[in-house]
Amino acid sequence: MQVFLFKNMGYYNLATPYPYILFLLMLPLGMPNWLLFVISFFTGLTVDAFYDTLGINAAACVAFAALRITFINLTVQLDNHETFATPSVSEMSFRWFFIYSLVLSFTHHFVLILLEAFTFSNFHYTIIRVLLSCIFTLLLILLFSLLFYQKSRR
């Protein structure tokens, strides 16, 4: 969907959605770090192949994976959750999932758009692009998450 539908969506090159990061957001909590980095890298590389961006998405996805590991280690006690539980609205609270998605989406977009611009001359324009793209992506992620929301088994 990212390549065929969301690539052509946007708002005057200011807001471009990247909902493919939902795949990385929903990977299991107990996944080994090396596997997370490999999956993130190849996910970004696949998007790069269709966007002709020469590794920018791969770099953003690897930065995303590094922050995801830190965020989960700081906020989730794996003792209380199954090893292969997914960090979703049904497993965690909506507030936690929103903050999780916001922080990781912002990191992904910041790295992606800063590498794409590769200059600090129009930094305010770059930050506006990051914020608007992050908001657009976050709305799509929350829509998909709530659309496929299942009641918690707890």
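The values are calculated or read from the model by the stated rules, or taken from the named source; none is laboratory data. Since we're looking at a predicted model, the values are computed, not measured. FYI the Cβ positions are ideal-geometry reconstructions off the backbone, even for glycines, and counts take in every protein chain you see.
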Task: Top-ranked residue of the stretch 47-71 - restricted to ones that are on the phi < 0 side of the Ramachandran plot and modelled with pLDDT under 90, ranked as surrounded by the most Cβ atoms within 10 Å (Cβ to Cβ) - done: Val47
Task: Conditions (1) in a loop (DSSP other than H, G, I, E, B); (2) farther than 26 Å from Leu54 by Cα; number of the one not met by Phe120 - done: (2)
Open item on the list: For a quick check of your reading of the model, give me the residue pairs whose first member lies in the stretch 1-29 and is closer than 27 Å to Ile72 by Cα, whose second is assigned to a helix (DSSP H, G or I) and at pLDDT below 70, with beta-carbon atoms closer than 9 Å and at least 6 apart or on different chains.
Closed with: Thr16/Phe6; Thr16/Lys7; Pro17/Phe6; Tyr18/Phe6; Pro19/Phe6; Tyr20/Phe6
Open item on the list: Scan the stretch 45-55 and tell me whether some residue there is touching a Ser or Thr at 6+ places or on another chain (Cβ under 7 Å) and part of a helix (DSSP H, G or I).
Closed with: no
TODO: Consider only pairs whose beta carbons are under 6 Å apart and that are at least six residues apart or on different chains; among these, list those whose first residue lies in the stretch 107-135 and is within 24 Å of Leu22 (Cα to Cα) and whose second residue is modelled with pLDDT under 90 and outside any helix (DSSP H, G or I).
DONE: Arg129/Leu14; Leu132/Leu14; Leu132/Ala15; Ser133/Ala15; Ser133/Thr16
Task: Residues satisfying the stated conditions in the stretch 38-59, i.e. touching a helix residue (DSSP H, G or I) at 6+ places or on another chain (Cβ under 8 Å) and more than 17 Å from Met26 (Cα to Cα) - done: Leu45, Val47, Asp48, Phe50, Tyr51, Thr53, Leu54, Gly55, Ile56, Asn57, Ala58, Ala59
TODO: Scan the stretch 18-41 residue by residue and report those that are surrounded by fewer than 17 Cβ atoms within 10 Å (Cβ to Cβ) and of a type in the set (Gly, Ala, Ser).
DONE: Gly30
